[in-house]
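The next block holds one structure in the form of structure tokens; read it before the comments.
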Amino acid sequence: MPTTRAGEAARRRPRRAKPDAGGDPGLSHRAWWTPYLFLAPGLVMVVLFSLWPFVNTVILSFTDAQILRGGSFVGFDNYDRAFADPDFWVATGNSVLYLVVVVPCLVFLPLALAVLVQTKIPGIGFFRSAFYTPVIASAVVVGLIWQWVLRSDGLVNTVFQEIGVVSGPIPFLTDSTMLLVSAMIVTVWKGLGYYMVFYLAALGNVSTSLYEAAAIDGAGPVRRFFSITVPQVKPMMLLVGTLSAISALRVFTEIYILGGESGGPGGGARTLPFLIRQVGLGFSGETGYAAAISILLFLLTLVFSLLGRRLSKGDES
């Protein structure tokens, strides 16, 4: 009978050997903590160089600690002092102004640049590399170059005076407002190539059929840009806006190199990171007060980060 034959065939089929329970325990069973051995080096680095410094800064912000001596608990005195300090509000205003001016430039200009260099024509790789060169250049070298270009006897003032555009040197580095604007120009110039790469990656995911359909309907380049390109890369624009906002609030090098240790005439171009350095360094540096300003800067950065996240969620919905 068919059933009997199937049973006989099953009995004649060789049986597979069962795994030996007494074999290598590392293969048959692993302890629950085994994965954490692989995570341990990274976790230790995060705790030592990220988590603990942040916690220590929070603790110091409630003390009157200085560089050469420990401090005692003073509660919210450092925060009250910051809110009553005119220098703090000047630095905060400069940081927010820096963000308001720089972020839109770094959101839209790299996008336009990416659209231009996206075209596949002979030699376009050279222009992509040229636009990206300021990104890999040292910030100190870039600052020194721009200092030579913008100083009173520098390239820009010399050319403008020779062709009769101005009668005297423009105070790019000797006026607080002009110094802040000059630092913004350096930041935008250095960040164009960096965010251009972000947009090139986003543009690579846009279907060419959309542009072809729009061209058939008679849409010109400008209409295709605003009707297809911008909506398709909008999530990337929100990401670039968030990253550039965080970078703008942390700006220090440009102000320091162009304006010197004082942060421009009378410290009028100081930003919050610059003020933190001035307050916290030196033999009489007030570590506790500098830590309090650092926490306020962190909260300000957190607000803009959450705002960018909220806008991103709204766009997805």
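The values are calculated or read from the model by the stated rules, or taken from the named source; none is laboratory data. Keep in mind the model is a prediction, meaning the values are calculated, not measured. Every residue, glycine among them, receives a Cβ derived from its backbone with ideal geometry; neighbour counts consider all protein chains shown. To get the accessible areas, we keep the full protein, side chains included, count just its heavy atoms, and leave off ligands, DNA and RNA. Shrake-Rupley method; radii C 1.70, N 1.55, O 1.52, S 1.80 Å.
Can you report the number of residues in region 155-172 which are in contact (Cβ under 8 Å) with a residue 12 or more places away in the chain and either closer than 18 Å to residue 184 by Cα or within 31 Å of the chain's Cα centre (by Cα) (or both)?
Final tally of qualifying residues: 4.
Among the listed residues 284, 244, which satisfies the condition of being over 17 Å from residue 90 (Cα atoms), of a type in the set (S, T, N, Q) and in contact with a Leu (Cβ under 6 Å, 6 or more places away or on another chain)?
One residue alone meets the criteria, 244.
List, please: which pairs have Cβ atoms under 8 Å, are six or more places apart or on different chains, and start with a residue in region 79-99 that is more than 13 Å from residue 290 (Cα to Cα) and end with one that is in a helix (DSSP H, G or I) and open to solvent by 50 Å² or more (accessible area, probe 1.4 Å)?
99/304
Is it true that some residue in region 290-305 is over 22 Å from the mean Cα position of the chain (by Cα) and at pLDDT 85 or above?
yes
Against the definition (assigned to a helix (DSSP H, G or I) and open to solvent by 20 Å² or more (accessible area, probe 1.4 Å)), how does residue 111 come out, yes or no?
Considered against the rule, which asks whether it is assigned to a helix (DSSP H, G or I) and open to solvent by 20 Å² or more (accessible area, probe 1.4 Å), residue 111 comes out as no.
Can you give me the ranges of the helices (runs of 4 or more DSSP H) entirely in region 1-82 with at least 3 residues that are modelled with pLDDT of 90 or more and closer than 30 Å to residue 284 by Cβ?
52-60
Could you please find all residues in region 58-78 being touching a residue at least 40 places away in the same chain (Cβ under 8 Å) and either open to solvent by less than 80 Å² (accessible area, probe 1.4 Å) or of a type in the set (Lys, Arg) (or both)?
Listed by number, the residues that qualify are 58, 60, 61, 62, 63, 64, 65, 66, 71, 74, 78.
Spot the failing condition for residue 275; the list is (1) touching a residue at least 60 places away in the same chain (Cβ under 8 Å); (2) out of contact with any Leu (no Cβ under 8 Å at 6 or more places or on another chain); (3) open to solvent by 30 Å² or more (accessible area, probe 1.4 Å), and only one is missed.
So the condition that residue 275 fails would be (3).
For residue 226, work out the one condition from (1) surrounded by 14 or more Cβ atoms within 10 Å (Cβ to Cβ); (2) modelled with pLDDT under 90; (3) among the aromatic types (Phe, Trp, Tyr) it doesn't fulfil.
Checking residue 226 against (1) surrounded by 14 or more Cβ atoms within 10 Å (Cβ to Cβ); (2) modelled with pLDDT under 90; (3) among the aromatic types (Phe, Trp, Tyr), the one that fails is (1).
Is one or more of the residues making up region 201-210 at pLDDT 85 or above and within 30 Å of residue 80 (Cβ to Cβ)?
no
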